[in-house]
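*Asks:* The following block contains the structure, expressed as structure tokens.
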Amino acid sequence: MAVTVVVVSGPIGAGKTTLAQGLARRFGALHLHSRDFLRKHGGEDSRRSRQELTVTLDRTTGGRWLAEGVLTALHGQVMARNASWFVVDAASSAVQLDGLRASPGLRVVHVHLETPEPEQALRDAEPGTFEESWAHPAERAVHALASRADLVVDTARTPPDAVLVRVASRLGLYGRPGERLVDLIVAGPHGEVDTRPLTAHLAPHYDVLIQLRGTGPAPSREELEDAFARGHRVLVESAGTTASGCLQAAAIAPGRVRRTVMVCRSEGSTFDWVRLREAASLNAPTDLALVLAGDLAATNWAARRFDQLTDAARHHLEELERVAGASVSFLAPSPQARHLVERRPW
């Protein structure tokens, strides 16, 4: 499988290192510095020294020096840390990019940052050398890279956090927006019903569990975005009786929802059908989880399969499904039951 290498280019003060550090901090990319590769070729820390050496190496290696340094670093990091993608700060010539793109096993994404000269001078970490550095042939060659980039961002008009969002979106790091990875557990028309047994039963099937009634901290927006980007499934247990309130509290978009399980408690003849219909209209459940109580629990407490239910219980479930417009997928034979009966594998 190809390793993704994000190559950042741009003039002095464009924000190359800020972007690379953001990708490393927020998304776990390994940050490779071209100046480290230059040091291995005898380069010094001054900008003028790096510029002179860059021109020399581009001429003697055809730009391959950067690709060779990256491949050597990738091999060591992939073997040691199972790393899957990297960000290179920075490329400064077309031949360097060509060398990287020609390297087998690399998927190269080129991001070019640009900013006007006055802004560059203000941002320059070595202001005393700006004019001389800006006029150097190595620096002048950088400006031509914009036409070769997969994404160009003007950092004078785009703040660093927005630059990071635009680049991360270009790389697909937020996942597919419409991918339905979230399942909700919502208390039905009787808000006092205990949803915790169903949550405990389903939780092992998920990567992320959010219990809105709990006291622990909920995942942050960034943690949820990371989970979605990795295709992780998320289970949310509501503290209320509405799916919309649950999503708002968890900061999850409705388009992420795959299933909504509404938990109901039923005592047969005393069941409130009007409240069930209202709750179903409000929550649009895809599944029901039913807790039997009263006479229905007394006659079905030993059931371990749906086909072991009494005729009265089965008829009651069928009517529940018609009114709610969803199937009863889980059944607790009594409020005290320590097991749930599943109609089909979840």
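Every read-out reported here was derived from the displayed coordinates using simple, explicitly stated rules and does not represent laboratory data. The model shown is predicted, which means the values in this text are computed figures rather than measured ones. Reconstructed Cβ throughout: ideal geometry from the backbone, glycine too, with neighbour counts over all protein chains shown.
*Asks:* Quickly rank 14-22, 59-67, 156-164 as a protection proxy: mean count of other C-beta atoms within 10 Å, highest first.
*Replies:* In descending order of packing, they fall as 14-22, 59-67, 156-164.
*Asks:* Sticking with this structure for a sec: With the crude spin-label approximation of a point 7 Å out along Cα→Cβ, what separation in nm comes out for residue 179 versus residue 274?
*Replies:* 4.6 nm
*Asks:* Running a GNM on the chain with Cα contacts under 10 Å, which residue among 260, 54, 129 ends up with the highest mean-square fluctuation?
*Replies:* 129
*Asks:* Compute a Gaussian network model of the chain, connecting alpha carbons closer than 10 Å, and tell me which residue from 244, 266, 49 fluctuates the most.
*Replies:* 49
*Asks:* Further question: Report, in whole Å, the centroid distance computed from the Cα atoms of region 123-188 and region 255-311.
*Replies:* With region 123-188 and region 255-311 each reduced to a Cα centre, they are spaced 51 Å.
*Asks:* What FRET efficiency would be calculated for the residue pair residue 312, residue 205, taking the C-beta separation as r and a Förster radius of 30 Å, to the nearest 0.05?
*Replies:* So the FRET efficiency works out to roughly 0.40.
*Asks:* Quote to one decimal, in nm, the extra length available between residue 121 and residue 267 on full extension: 0.36 nm per residue of separation minus the C-alpha distance between them.
*Replies:* Length difference between fully extended and current span is 45.0 nm.
*Asks:* Expressed as a fraction of 2.2 N^0.38 Å, the rule-of-thumb size for a compact globular protein of N residues, what is the C-alpha radius of gyration of region 257-346?
*Replies:* Compared with the compact-globule rule of thumb, region 257-346 sits at 1.00.
*Asks:* I need the fraction of alpha carbon pairs in region 28-79 separated by more than 19 Å, rounded to a whole percent.
*Replies:* Tail fraction, whole percent: 28.
*Asks:* With each label point set 7 Å from Cα along the Cα-Cβ vector, what nm distance links residue 323 and residue 36?
*Replies:* A separation of 6.6 nm, rounded to one decimal place.
*Asks:* Helix 64-81 versus the longest principal axis of the chain: what is the Cα-based angle in degrees, 0 to 90, to the nearest 10?
*Replies:* 30 degrees
*Asks:* May I pose another question? Which residues in region 281-305 place their backbone N less than 15 Å from a point set 7 Å from the Cα of residue 343 along the Cα-to-Cβ direction?
*Replies:* Taking a point 7 Å out along Cα→Cβ of residue 343, the residues of region 281-305 whose backbone N falls under 15 Å are 285-292, 305.
*Asks:* Across bins of 10 angstrom width beginning at 0, how are the C-alpha pair distances of region 1-103 distributed, in whole percent?
*Replies:* Answer for region 1-103: a P(r) of 15, 49, 32, 4 percent.
*Asks:* Still on this model: Sorted from largest to smallest, which semi-axis lengths in Å does the alpha carbon gyration tensor of region 82-227 give for its equivalent ellipsoid, taking the root of 5 times each eigenvalue?
*Replies:* Each semi-axis is √(5λ); the values are 48, 19, 12 Å.
*Asks:* Going from the alpha-carbon gyration tensor of the chain, what semi-axes, largest first and in whole Å, does one get by taking the root of 5 times each eigenvalue?
*Replies:* 61, 19, 14
*Asks:* How far apart, in nanometres, would the label points at residue 165 and residue 218 be if each is projected 7 angstrom from Cα along the Cα-to-Cβ direction?
*Replies:* Result for the modelled spin labels: 2.0 nm.
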